[in-house]
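The values are calculated or read from the model by the stated rules, or taken from the named source; none is laboratory data. In this text, all values refer to a predicted model and were calculated from it rather than measured experimentally. FYI the Cβ positions are ideal-geometry reconstructions off the backbone, even for glycines, and counts take in every protein chain you see. Note: areas computed on protein heavy atoms with side chains; ligands, DNA, RNA excluded. Shrake-Rupley method; radii C 1.70, N 1.55, O 1.52, S 1.80 Å.
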Amino acid sequence: MQNIAEFRIIGRVGKITEHDKVTKVNVAANYNRQENGEWVTDTHWNEITLFGKLIERAAKAQKGDLVHITGRVRQNSYDTAEGRRYTVELIADGFAVLAKGSEDRD
């Protein structure tokens, strides 16, 4: 049996940053929780890394669009002068725009 670590995020695009061979997409996902008997919404920002053909799909997305992204979770570590650092990356293997954001964009 294969072991897997995967994710699925449905949320709104905040920012898309294009680099040489990779694109980073920040997506906001909301979670409801109770605080002192009242329901409050927490917004969590997730940075997802896209490669290859998914970069072309992300190029069609804009801030505010509702997107569905799936992928795998990758943990890394590296050493610095201050000690060992740990990171978690979200690597996309699927990207779809579910709904466009506001119609009155520039």
* Asked: Which three extents, in whole angstrom, do the alpha-carbon atoms of region 39-84 cover along their principal axes, largest first?
  -> 40, 40, 18
* Asked: Out of V22, V67, V40, any idea which swings most in a Gaussian network model of the chain, alpha carbons joined below 10 Å?
  -> V40
* **Order by protection proxy (mean Cβ within 10 Å, highest first), peptides 77-86, 1-10** => 1-10, 77-86
* Structure fact -> Per-residue ellipticity at 222 nm attributable to helices in the chain (runs of n ≥ 4 DSSP H, -39500 (n - 2.57) apiece, nearest 500 deg cm²/dmol) works out to -1500 deg cm²/dmol
* Asked: Taking all protein chains as present, what is the carbon and sulfur share of the accessible area of region 1-55, in % to the nearest whole number, probe 1.4 Å?
  -> 45
* Would you work out the relative contact order for the chain, in percent, from Cα pairs under 8 angstrom that are 6 or more residues apart? => 28
* **Listed peptides 51-59, 31-39 by packing density, highest first (mean Cβ within 10 Å)** => 51-59, 31-39
* Would you mind calculating the gained length between Q34 and I4 on full extension (0.36 nm times residue separation, minus the Cα-Cα distance), in nm to one decimal? => 7.7 nm
* Structure fact -> the chain, convex hull of Cα, quarter of hull surface, nm² -> 11.2
* Per residue, what accessible area does region 13-106 have, given a 1.4 Å probe and all protein chains present, in Å²? -> 71
